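Step one of this worksheet: look at the structure below.
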Amino acid sequence: MTGGGGQDVPWPEQLATEGIGVPLHILVVTGRNDAIRTRLEHALTKSAKSAKSRVQVLHGRDPQVTVEVAREPGSNSTYISAERLAVLMDLADAIITKPGGGTTAEIAYRGLPAVFDATHGLLHWEEFTVHAFEEQGCGERFVWAQQLPKVLRRALQRPRSIRLAEDPASPGNVLDPGPRIVSEADKLLAIPCFNCTIFRTNHI
């Protein structure tokens, strides 16, 4: 995954060329950046498997690695729904991604082992997030491109874990903050606002 806009990253081509020593299928989630699909189709070779399937599978120099750009079922669009993304996360063994807030929250809730791209450094809140994943054994960063194969192999050995999003009051289940947020919002709205110039007449 490369964020909502699908940022330009070289990892699919690198892994398709060099491999990691074991069979690997890379599913690339590009968001709205359909240009990545075009780039991959030019950089890699169309697999013979694609002729018998509606799914286009690509490969590079390593015969153990295949690459596919994720699409919404029944569509050629590379922008997929939240429901489809959840399904793909549940099917995957690991994820390579930037440590953005939305993406890491999704990863924590799905319990997917994470490989974080830190090749261009991390912002301070991204550093905090990556450290939390590493501390809990749920993820690991790579700083140089040469580190990716080893870090990914380690991620593939990790079990899924929801410990970063687990509800302490209900072990084995993830937190559901929705009802709590609604409850706190209701309390806030019930507070009289006598000095408020907008709602001066009803004090709500």
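The values are calculated or read from the model by the stated rules, or taken from the named source; none is laboratory data. No experiment lies behind these values; they were computed from the predicted model shown. Neighbour counts are summed over all protein chains in view; Cβ atoms, including those assigned to glycine, are modelled from backbone coordinates with ideal geometry.
Brief remarks follow.
- Tally, over segment 157-204, of residues that are at pLDDT 90 or above, assigned to a loop (DSSP other than H, G, I, E, B) and in contact with a Phe, Trp or Tyr (Cβ under 6 Å, 6 or more places away or on another chain): 1
- Test: residue in segment 125-138 that is in contact with a Pro (Cβ under 8 Å, 6 or more places away or on another chain), in contact (Cβ under 8 Å) with a residue 24 or more places away in the chain, part of a loop (DSSP other than H, G, I, E, B) and surrounded by 15 or more Cβ atoms within 10 Å (Cβ to Cβ): yes
- Of all residues in segment 109-121, those that are in contact with a strand residue (DSSP E or B) (Cβ under 8 Å, 6 or more places away or on another chain) and either buried (at least 19 other Cβ atoms within 10 Å of the Cβ) or without any contact (Cβ under 8 Å) to a residue 60 or more places away in the chain (or both) total 8.
Conditions (1) under 30 Å from residue 22 (Cα atoms); (2) among the aliphatic types (A, V, I, L, M), marked per residue:
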{"site": "152", "(1), (2)": "yes, yes"}
{"site": "155", "(1), (2)": "yes, yes"}
{"site": "159", "(1), (2)": "yes, no"}
{"site": "164", "(1), (2)": "yes, yes"}
{"site": "181", "(1), (2)": "no, yes"}
{"site": "186", "(1), (2)": "no, no"}
{"site": "189", "(1), (2)": "no, yes"}
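- Residue check, residue 125 in the same structural domain as residue 64 (by TED's automatic domain parsing) and more than 19 Å from the chain's Cα centre (by Cα): no
- Of everything listed in (1) part of a loop (DSSP other than H, G, I, E, B); (2) at pLDDT 95 or above; (3) of a type in the set (D, E, K, R), the single unmet condition for residue 13 is (1).
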